[in-house]
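Peer 1: This is the structure I want to talk about, given as structure tokens.
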Amino acid sequence: MHFWDILHRWDQVLTLFVNSFHIPATDQFMMFMSDRVVWFPLYLLIAFFLVKRLGWKKGLISILCMALTLLVCDQTSNLLKYSVARLRPCYSGPMLLGGLHVLEYRGNFFGFFSAHAANAFGFAVCSSILFRYDTKHTYKAFIIWIFTWATLLSLSRIFVGKHYMGDIIVGAMIGSGYGAMIAMAARWVFARFIDKEKIPSPERQRDSSNK
């Protein structure tokens with residue numbers, strides 16, 4: 001048996017184990033977490049506070065960067081799904097026979113990697129780094145909350161039967177990487193082009209001191 005076959009087998013076992021923890025209450029909760037549409041108000045709320053805390057210039061750039069993170073995560077996921085062509089567990093005979101609990105419509109055939117996980121962790125990382133540019137606050141509570149949200153949203157994709165654990169882990173790693181790179185690029189723009197305007201040049205400092 002090849003390494004990838006062994007890895008896939010363990011991925012199946014772990015996915016079935018996580019998926020087996022379901023009762024009617026958790027089923028409804030995980031279906032709610034898995035629904036992208038219900039989280040649009042959250043995105044708008046975070047965008048509002050970014051503008052409030054960072055100012056309109058940096059806030060607008062932050063919003064564009066978070067949107068870019070979601071776009072890049074989504075498109076990378078779509079590209080790899082059809083390149084790798086790994087069937088979702090809900091289309092796998094062995095997974096269904098093994099007791100996979102499916103809560104949603106099955107959707108398209110391929111699921112590597114999870115766009116939900118990539119988007120959630122990309123958004124969490126990007127927003128956390130951008131908020132931390134405001135040094136007046138620590139944002140510890142926000143960071144704990146947003147990563148808890150991202151984790152639950154990602155795990156919900158296993159509970160509804162749409163993804164393997166491996167899809168979630170890879171998606172979270174790729175999303176975190178994109179979120180960190182884009183947010184750090186935004187912070188560089190803030191420091192280089194926006195906050196620099198607030199620091200008077202040496203010539204202006206001398207002129208003001210001579211008056």
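FYI, it's all coordinate maths here, none of it is from the lab. Treat the numbers as computed from the prediction; the structure is a model and nothing was measured. Reconstructed Cβ throughout: ideal geometry from the backbone, glycine too, with neighbour counts over all protein chains shown.
Peer 1: Taking Cα atoms, how many degrees apart are the long axis of helix 165-189 and the longest axis of the chain, rounded to 10 and kept between 0 and 90?
Peer 2: Helix 165-189 and the main axis of the chain meet at about 10 degrees.
Peer 1: Determine, for the chain, the count of lysine pairs separated by eight or more sequence positions (or lying on different chains) whose alpha-carbon distance falls under 27 Å.
Peer 2: Taking the chain as the scope, the lysine pair count is 17.
Peer 1: Which FRET efficiency, nearest 0.05, do Asp5 and Arg106 yield, Cβ-Cβ r, R0 22 Å?
Peer 2: The formula returns an efficiency of 0.35 here.
Peer 1: Can you give the percent of C-alpha pairs in the stretch 42-192 whose distance is more than 19 Å?
Peer 2: Roughly 54 percent, once rounded to a whole number.
Peer 1: A further question on this structure: To two decimal places, what compactness ratio does the stretch 10-72 give when its Cα radius of gyration is scaled by 2.2 N^0.38 Å?
Peer 2: 1.66
Peer 1: Here's a follow-up. Between the DSSP loop rule and a limit of at most 13 other Cβ atoms within 10 Å, which trypsin sites (Lys or Arg not before Pro) in the stretch 1-85 are left?
Peer 2: Counting only loop positions with at most 13 other Cβ atoms within 10 Å, the trypsin sites (Lys or Arg not before Pro) in the stretch 1-85 are Arg36.
Peer 1: Where Lys and Arg each count +1 and Asp and Glu each count -1, what net charge lies around Gly122 among other residues with Cβ under 14 Å from its Cβ?
Peer 2: Neighbour charge sum, excluding Gly122 itself: 0.
Peer 1: Rounded if a/c is under 1.5, else prolate if a/b beats b/c, else oblate: with a ≥ b ≥ c from the C-alpha gyration tensor eigenvalues square-rooted, which is the stretch 120-195?
Peer 2: Judged from the Cα gyration tensor, the stretch 120-195 comes out oblate (a/c at least 1.5, b/c at or above a/b).
Peer 1: Take His137, His8 and order them by how many other Cβ atoms sit within 10 Å, fewest up front.
Peer 2: His137, His8
Peer 1: Quick one: 3J(HN,Hα) in Hz for the stretch 50-56, Karplus 6.51/-1.76/1.60 with θ = phi - 60°, rounded, Gly and Pro as x.
Peer 2: Result, rounded to whole Hz: 5, 5, 5, 7, 9, x, 5.
Peer 1: With a cap of 13 neighbouring Cβ atoms within 10 Å, and only residues DSSP puts in a loop, list the chymotrypsin sites (Phe, Trp or Tyr not before Pro) found in the stretch 73-141.
Peer 2: Within the stretch 73-141, the qualifying chymotrypsin sites (Phe, Trp or Tyr not before Pro) (loop, at most 13 other Cβ atoms within 10 Å) are Tyr105, Phe109.
Peer 1: May I pose another question? Could you give the nm distance between label points at Lys57 and Thr148, where each point is 7 Å from its Cα heading toward the beta carbon?
Peer 2: 3.7 nm
Peer 1: Between 0 and 90 degrees, rounded to the nearest ten: what's the tilt of helix 140-159 against the longest Cα principal axis of the chain?
Peer 2: 20 degrees
Peer 1: Taking 45 Å as R0, compute the FRET efficiency from the Cβ-Cβ separation of Phe193 and Phe29 and round it to 0.05.
Peer 2: Efficiency for this residue pair is about 0.55.
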